[in-house]
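Read through the structure below, which is laid out as structure tokens, and then see the notes.
The values are calculated or read from the model by the stated rules, or taken from the named source; none is laboratory data. Just so it is clear, the structure is predicted and the values come from calculations on it, not from any experiment. Every residue, glycine among them, receives a Cβ derived from its backbone with ideal geometry; neighbour counts consider all protein chains shown. Note: accessible area is taken over every heavy atom of the protein model, side chains too, but ligands, DNA and RNA are not part of it. Shrake-Rupley method; radii C 1.70, N 1.55, O 1.52, S 1.80 Å.
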Amino acid sequence: MPPFRIPVVVALAGLALASSATVGSVAATTPARMGTVSGTVSGSLPKAGQGRVIVTAIDAASGAVADMETADGKGRFALSVGGGAYAVTTTVVRPQAAVVTQSAAVSVKAGKTRRKVALKVKKPKSGTAPAKKSLASVTASRTSAGATLARDSASRSFVTERGKGDASVTAYKVEEFTGAPAEYSNLNRGLSNMLATDLFIGDKCGMKQVVGEAGRTMIKKELDFQKSGYTDKNTRVKRDFIIADVSVGGTIAAGPSAGTVAVRVVLTDTRTGGTISTVDATMRVADLFTDQDQLAKAVSERLCRRPASYDVALKINGIGEFATHSTAGAITTNVIALSGGAAPPTTWVGNGTYVWDSLTFASKTECSYLAPIPGAGTWQATVAFVSDQQVRVDWSTGNDGPGAISTASVSCPKAGAIPGQPGPNLVTTSGTNILLPIGGGTAPVTGGFISGGDGWTNTGTLTLTPVWGQQGP
């Protein structure tokens, strides 16, 4: 999952971030020498399969999530961090009980190990009993104007409050969900924390996760306390929060049947306020963790902005003009261009066939045309990643021989039918270096061949549509 700004919702009282190092630069969040923070979460922990114990190390200076994992069955954890000051938090999520959090201030020297960090959580308040199971589904929703990605989606770069940044990394945050029904109100916090964890762990795009508003507020309080005169000014952390490019949030409502909730996840470009993508899901409360895993995969794919495949569609109208006749036809075809398995994908290739349809032949002489035979052939489309905003599309037809040309027979007075009269043909019609938005778009298609007034003219469109592979359970 991608490291992005997530709202780790925690209540941290009196956090003292003591550190012998200043962690004010972006470079400090990705040091060359990594250390370890290990320890145990104790107290009221859920049994296997009945909840998750999430442990997070948050860089106190930048607000970036340095590492995150789910503790094992005995509450043990080990986080990989660089030298600096961190808030180590644990969030315990159960399907129908209040979310419980606890935190501790930890400082680590570069390349060293900090052991026996202890986090003890209290017993949560109980909720209502799980309802009967029903099927869950997750589907991708398109944004306005039929686009799955905003035209001005955030670029793959982030900056900090002090103007530092990394031009190759996208930062994102996960904010707390809103709107959950009263009996499932714990999911507003719980689902956002689980989603943040899965996005971080499953990141295949090298993104940076940072805390949301609740986490920032918690860290701000401690940084303000460090300025109060009660702490050693030589150990104070200089704040330089990373500003998220993308915000992940959404709403939770009553589901279509008992024991379900309807979830809408919205990815928003924080610079423009535009919607990048949305994912709608119906989730079973009794199987919350299973369904949430699938939801996270769907969100992660969109956050990475690399679909599993692309639908490449051609619509072409062809005409032919010859001394003896005029002809016309149409092609409507598409291929699904699949990625080669790279993570994240950089190239998508699809192969398909086409057939001329709606053929007409109009004679310019006393002869007539009959028994049209549609031409057919093969074609290939390749989509290549160019940037977070663009892909390049190349398409071409195969070497299909005479069968690719539509034909008809001509019948003249006092003569028999003569086959093989030329009809529509995709001769010299293809496309290279077609630049389109990574979220899809349409480009014109032109081609043909004319010599001495005779020949073919083809016009139409190529339409590119992303196909999100992860649709949920």
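Below are the figures for this structure:
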| quantity | calculated |
| --- | --- |
| ASP59 of a type in the set (D, E, K, R) and either open to solvent by less than 10 Å² (accessible area, probe 1.4 Å) or under 19 Å from GLY111 (Cβ atoms) (or both) | yes |
| Close pairs from the range 183-196: first within 17 Å of TYR172 (Cα to Cα), partner among the aliphatic types (A, V, I, L, M), Cβ under 6 Å, at least 6 apart | SER192/VAL174; ASN193/ILE54; ASN193/VAL93; MET194/VAL93; LEU195/VAL174; LEU195/ALA296; ALA196/ILE6; ALA196/VAL174 |
| Residue count, the range 199-238 (criterion: at pLDDT below 75, in a loop (DSSP other than H, G, I, E, B) and surrounded by fewer than 22 Cβ atoms within 10 Å (Cβ to Cβ)) | 7 |
| Pairs where the first residue, in the range 250-271, is free of Cβ contacts under 8 Å to residues at least 24 places away in the same chain and small (Gly, Ala, Ser) and the second is buried (at least 17 other Cβ atoms within 10 Å of the Cβ) and not in a strand (DSSP E or B), C-beta under 7 Å, 6+ apart | ALA262/GLY255 |
| Residue list for the range 78-123, restricted to those being farther than 30 Å from ALA286 by Cα and among the β-branched types (Val, Ile, Thr) | VAL81, VAL106, VAL108, THR113, VAL117 |
| Residues being in a loop (DSSP other than H, G, I, E, B), charged (D, E, K, R) and open to solvent by 40 Å² or more (accessible area, probe 1.4 Å) - total across the range 371-413 | 1 |
| ILE434 among the β-branched types (Val, Ile, Thr) and either part of a loop (DSSP other than H, G, I, E, B) or open to solvent by 50 Å² or more (accessible area, probe 1.4 Å) (or both) | no |
| Some residue of the range 414-426 being at pLDDT below 95, within 30 Å of THR170 (Cα to Cα) and not in a loop (DSSP other than H, G, I, E, B) | no |
| Pairs, first over 30 Å from VAL261 (Cβ atoms) and open to solvent by 40 Å² or more (accessible area, probe 1.4 Å) in the range 161-180, second in a loop (DSSP other than H, G, I, E, B) and at pLDDT 75 or above, C-beta under 6 Å, six or more apart | GLU161/ASP240; GLU161/PHE241; ARG162/ASP240 |
| Among residues of the range 324-364, those that are out of contact with any Pro (no Cβ under 9 Å at 6 or more places or on another chain), at pLDDT 95 or above and part of a loop (DSSP other than H, G, I, E, B), counted | 2 |
| Residue that is surrounded by the fewest Cβ atoms within 10 Å (Cβ to Cβ) [pool: residues in the range 437-473 that are aromatic (Phe, Trp, Tyr) and either out of contact with any helix residue (DSSP H, G or I) (no Cβ under 7 Å at 6 or more places or on another chain) or at pLDDT 95 or above (or both)] | PHE449 |
| Unique match (being modelled with pLDDT of 85 or more and under 24 Å from ASP198 (Cβ atoms)) among LYS74, LYS116, LYS112 | LYS74 |
| Residues that are among the β-branched types (Val, Ile, Thr), farther than 19 Å from ARG216 by Cβ and touching a residue at least 60 places away in the same chain (Cβ under 8 Å), drawn from the range 56-111 | THR70, VAL93, VAL108 |
